[in-house]
1. Go over the candidates 304, 272, 238, 289 one by one and state the one that is touching a helix residue (DSSP H, G or I) at 6+ places or on another chain (Cβ under 8 Å) and within 23 Å of residue 75 (Cβ to Cβ).
2. What about residue 109, is it more than 41 Å from the chain's Cα centre (by Cα), in a helix (DSSP H, G or I), within 30 Å of residue 213 (Cβ to Cβ) and touching a residue at least 12 places away in the same chain (Cβ under 8 Å)?
3. Report the residue count in region 139-157 for those that are on the phi < 0 side of the Ramachandran plot and surrounded by fewer than 16 Cβ atoms within 10 Å (Cβ to Cβ).
4. Only one residue in 174, 247 is in contact with a helix residue (DSSP H, G or I) (Cβ under 7 Å, 6 or more places away or on another chain) and within 30 Å of residue 118 (Cα to Cα), so which one is that?
5. Looking at the structure I just gave you, is residue 54 within 34 Å of the chain's Cα centre (by Cα) and closer than 30 Å to residue 169 by Cα?
6. Out of everything in region 289-302 that is surrounded by 15 or more Cβ atoms within 10 Å (Cβ to Cβ) and without any contact (Cβ under 8 Å) to a residue 60 or more places away in the chain, what residue ends up being farthest from the chain's Cα centre (by Cα)?
């Protein structure tokens, strides 16, 4: 007799073969990458569309052009020129009074005698403004590389835009390098104004722009040119026909000093007025740069370094968020 099996035979379905699971697709937050892409694009397009290259280059050109005229030695020389012209007027007055010279006899000298005090006041006011602006001018000229700022913005913008585009593409192999590139651009934007003298220089630039506003006008140039014509005609007569007029030894010495010093004085005055005239457009470009943010009541020059710092900080945060959002792929099954 056969004994039945205690356990019924179990029939199990065949198990599917174990295969290595592929890595799960990478999922990242898109917001940090989009921020980097948008900031980068704005940094590239903004300086070009807003004319920042021209404005900054014009401002730098004006600063360079005035370099020979806003040194303390040059200003002292201009003061000496004005003293010589003022002494000449007093000496002419003395000769006219002593000799009872009619006004029509020497029209050039008479115009100098009549207009001399006003010419002296205008020139003194001009030099006083320039002298008062000299410390701020020096701070602006010490910035160094002011005209490189638009290039810095565009290069960092390209780096940020590239990093954002790579991160949006979802290719893990390139994500790490993209984040490093974005962080490097952000650090440059933050460090450039803070390491150098940009904040102090742009504050000085804003003060300089306002201090020179009454000087850097076409009306000022025309008036100074008219005054120069009066002086040229007067010195021409002083050096020729007027020499025949009797005069005291003091008046004789002062007028001779004026005639001998005139080539240098005329060169000084012509160079300064010519430089003002040549840089009116450059000054206006610098003024336009300062007025860029006038709608919000902020000086564009003073805001520039903190704009760089702010954009760099936002970019650094976005790059950090992008780095944190990188997820490791799931471990493969054996």
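1. Values: 304 fails: within 23 Å of residue 75 (Cβ to Cβ); 238 fails: within 23 Å of residue 75 (Cβ to Cβ); 289 fails: within 23 Å of residue 75 (Cβ to Cβ).
When all the criteria are applied, what remains is 272.
2. Numbers: more than 41 Å from the chain's Cα centre (by Cα): yes; in a helix (DSSP H, G or I): yes; within 30 Å of residue 213 (Cβ to Cβ): no; touching a residue at least 12 places away in the same chain (Cβ under 8 Å): yes.
Considered against the rule, which asks whether it is more than 41 Å from the chain's Cα centre (by Cα), in a helix (DSSP H, G or I), within 30 Å of residue 213 (Cβ to Cβ) and touching a residue at least 12 places away in the same chain (Cβ under 8 Å), residue 109 comes out as no.
3. Of the residues in region 139-157, the ones on the phi < 0 side of the Ramachandran plot are 139-143, 146-157.
With the extra rule that they be surrounded by fewer than 16 Cβ atoms within 10 Å (Cβ to Cβ), the set shrinks to 142, 148, 151, 155.
Counting residues in region 139-157 that are on the phi < 0 side of the Ramachandran plot and surrounded by fewer than 16 Cβ atoms within 10 Å (Cβ to Cβ) gives 4.
4. Details: 174 fails: within 30 Å of residue 118 (Cα to Cα).
Of the residues listed, the single one that is in contact with a helix residue (DSSP H, G or I) (Cβ under 7 Å, 6 or more places away or on another chain) and within 30 Å of residue 118 (Cα to Cα) is 247.
5. Working: within 34 Å of the chain's Cα centre (by Cα): yes; closer than 30 Å to residue 169 by Cα: no.
No: the conditions fail for residue 54.
6. Step one: of region 289-302, the residues surrounded by 15 or more Cβ atoms within 10 Å (Cβ to Cβ) are 289-290, 292-293, 299-302.
Add one more test, that the residue is without any contact (Cβ under 8 Å) to a residue 60 or more places away in the chain, and what stays is 293, 300.
Working: 293: 15, 300: 10 Å.
For region 289-302, the residue satisfying everything is 293.
Read the figures in this text as sums done on the coordinates, not as results from a lab. Predicted, not measured: the structure shown is a model, and the values here were computed from it. We place every Cβ from the backbone using ideal geometry, glycine too, and count neighbours over all the protein chains shown.
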